[in-house]
Amino acid sequence: MPIPKVFIARRIFQEALDMISAEADVELWSDELPPPYETLLQKVANVDGLLCLLTDKIDAQLMDAAPNLRSISQIAVGFENIDVEEATRRGIPVGYTPGVLTGTTADMAFALLMAAARRLVEGAEAVRAGKWKTWHPLHYLGPDVFGGTLGILGMGRIGLEMAKRAQGFDMPILYYDVYRRPKDVEKQYNMTYAPIDTVLRQSDFVSVHVNLTPETYHLISHHELHLMKSNAVLINAARGPVIDPAALYLALKEGQIGFAALDVTEPEPITMDDPLLTLDNCIIVPHIASASVPTRLRMSTMAAENLLAGLNGQPMPNCVNPEVYEK
Ligand code: GLV
């Protein structure tokens, strides 16, 4: 059998690259920025396998441009950039990397919570700017983290890890999800299931952990932000478009809520003229919640395993559309 051709849309850990190079003829996109869509169309023309990221649009047109494509492997747990239905229709398995980034992402959400509450970014920036003149009883005040009520929207894998972290800070938890967790889990983590409005009204911290779907697009907008406490902290390490950025700006500016801390934005990257960037009470980091060395390494090798399984006609260990194997 001829050696399969693979396009890898960004630099990945060497371990993963070695795994793929041992079995395939690899072309690697080594630029820091993603290949432009038109370039990607050309790059996939002869490939059997594609290793891609959230920032690459993988749609029907791209699959048309890649008639030999039989394995798509994404380095991410999310896959909203891929037309999975179209891939399934064509019998192409799509791989992803669930599970491994759960704890790492929850760590970041909790770090954002603490950074916003205790004004870490403002404080650190002030020191560098030479603005640390004295100890002042009224400077850099924020809410206590310990004992505060944590509202979690979306009690999936990452939401539950967030709840676990909150135990160490004696935080009671209110949560909403379309699926309720079993009573023993609720008891174990001091979690109370409540309607979304109650979670928003009664929480000191609200952390968003839902998937992006048509139902969750702008889930948090004017109405929801008005329900929240005036000193509440809103954290988003899920997907930017779950929060309406214009509504968030107004809420932060007018003091309807206290702080926001975002790992994700709409759009990504955020544009430099976005008014959220003018606010002291909003921390934004560049979608780095899964960026620990062990997690990104494991994501890379998992993506390599999925890609190779797809090329070898074996079931991908982590496949978004396993129904392709039933055909
Ligand atoms: C990151 O956001 C991912 O989906 O893995």
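The values are calculated or read from the model by the stated rules, or taken from the named source; none is laboratory data. Being a predicted model, the structure only gives us computed values, none of them experimental. Glycine gets a Cβ as well: all are built from the backbone with ideal geometry, and neighbour counts include every protein chain shown. We work out accessible area using only protein heavy atoms, side chains counted, and drop any ligands, DNA or RNA first. Shrake-Rupley method; radii C 1.70, N 1.55, O 1.52, S 1.80 Å.
Summary of computed values
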item	result
Filter pass, Thr39 being part of a helix (DSSP H, G or I) and open to solvent by 30 Å² or more (accessible area, probe 1.4 Å)	yes
Yes/no for Asp31 being in contact with a helix residue (DSSP H, G or I) (Cβ under 9 Å, 6 or more places away or on another chain) and not aromatic (Phe, Trp, Tyr)	no
Meets criteria (touching a residue at least 40 places away in the same chain (Cβ under 8 Å) and outside any loop (DSSP other than H, G, I, E, B)) for Ala111	no
Residue check, Met272 under 16 Å from Gly99 (Cβ atoms) and either touching a residue at least 24 places away in the same chain (Cβ under 8 Å) or away from the ligand (no atom under 16 Å from the Cβ) (or both)	no
Test: residue in the stretch 211-233 that is within 16 Å of the ligand (Cβ to nearest atom), in contact with a Leu (Cβ under 7 Å, 6 or more places away or on another chain) and in the same structural domain as Met162 (by TED's automatic domain parsing)	no
Failed criterion for Glu125 (all others in (1) under 24 Å from the mean Cα position of the chain (by Cα); (2) part of a helix (DSSP H, G or I); (3) acidic (Asp, Glu) hold)	(1)
Residue in the stretch 80-88 that is assigned to a helix (DSSP H, G or I) and assigned by TED's automatic domain parsing to the domain that holds Asp263 present	no
Scope the stretch 275-284; condition of a type outside the set (Val, Ile, Thr) and without any contact (Cβ under 8 Å) to a residue 24 or more places away in the chain; matching residues	Leu277
Complete set of residues in the stretch 285-311 that are in contact (Cβ under 8 Å) with a residue 60 or more places away in the chain and not in a helix (DSSP H, G or I)	Val285, Ile288, Ala289, Ser290, Ala291, Ser292
Number of the condition not met by Ile12 [criteria: (1) within 30 Å of Gly159 (Cβ to Cβ); (2) in contact with a Ser or Thr (Cβ under 9 Å, 6 or more places away or on another chain); (3) without any contact (Cβ under 8 Å) to a residue 12 or more places away in the chain]	(3)
Restricting the stretch 246-258 to residues that are over 17 Å from Leu153 (Cβ atoms) and surrounded by 20 or more Cβ atoms within 10 Å (Cβ to Cβ), the residue that is farthest from the ligand (Cβ to nearest atom)	Gly258
Near pairs, Cβ below 7 angstrom, 6+ apart or cross-chain, from the stretch 82-97 (within 14 Å of the ligand (Cβ to nearest atom)) to any residue that is among the aromatic types (Phe, Trp, Tyr)	Val94/Phe79; Tyr96/Phe79
Qualifying residues in the stretch 162-178 (those that are in contact with a helix residue (DSSP H, G or I) (Cβ under 6 Å, 6 or more places away or on another chain) and in a helix (DSSP H, G or I)) - the one nearest to Pro195 (Cα to Cα)	Met162
Filter result for Pro267 (within 16 Å of the ligand (Cβ to nearest atom), open to solvent by 10 Å² or more (accessible area, probe 1.4 Å), free of Cβ contacts under 8 Å to residues at least 40 places away in the same chain and in contact with an Asp or Glu (Cβ under 6 Å, 6 or more places away or on another chain))	no
Residue match in the stretch 10-18 (condition: within 30 Å of Ser292 (Cβ to Cβ) and β-branched (Val, Ile, Thr))	yes
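Yes or no, residue by residue, for (1) among the charged types (D, E, K, R); (2) more than 16 Å from Leu101 (Cα to Cα); (3) surrounded by fewer than 20 Cβ atoms within 10 Å (Cβ to Cβ):
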residue	(1), (2), (3)
Ser290	no, no, no
Pro294	no, no, yes
Leu308	no, yes, no
Gln314	no, yes, yes
Asn321	no, yes, no
Glu326	yes, yes, yes
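Residue-by-condition table, conditions (1) open to solvent by 80 Å² or more (accessible area, probe 1.4 Å); (2) polar (S, T, N, Q); (3) within 17 Å of Leu234 (Cβ to Cβ):
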residue: Asp107; (1), (2), (3): yes, no, no
residue: Ala129; (1), (2), (3): no, no, no
residue: Thr149; (1), (2), (3): no, yes, yes
residue: Asp170; (1), (2), (3): yes, no, no
residue: Gln202; (1), (2), (3): yes, yes, yes
residue: Leu212; (1), (2), (3): no, no, yes
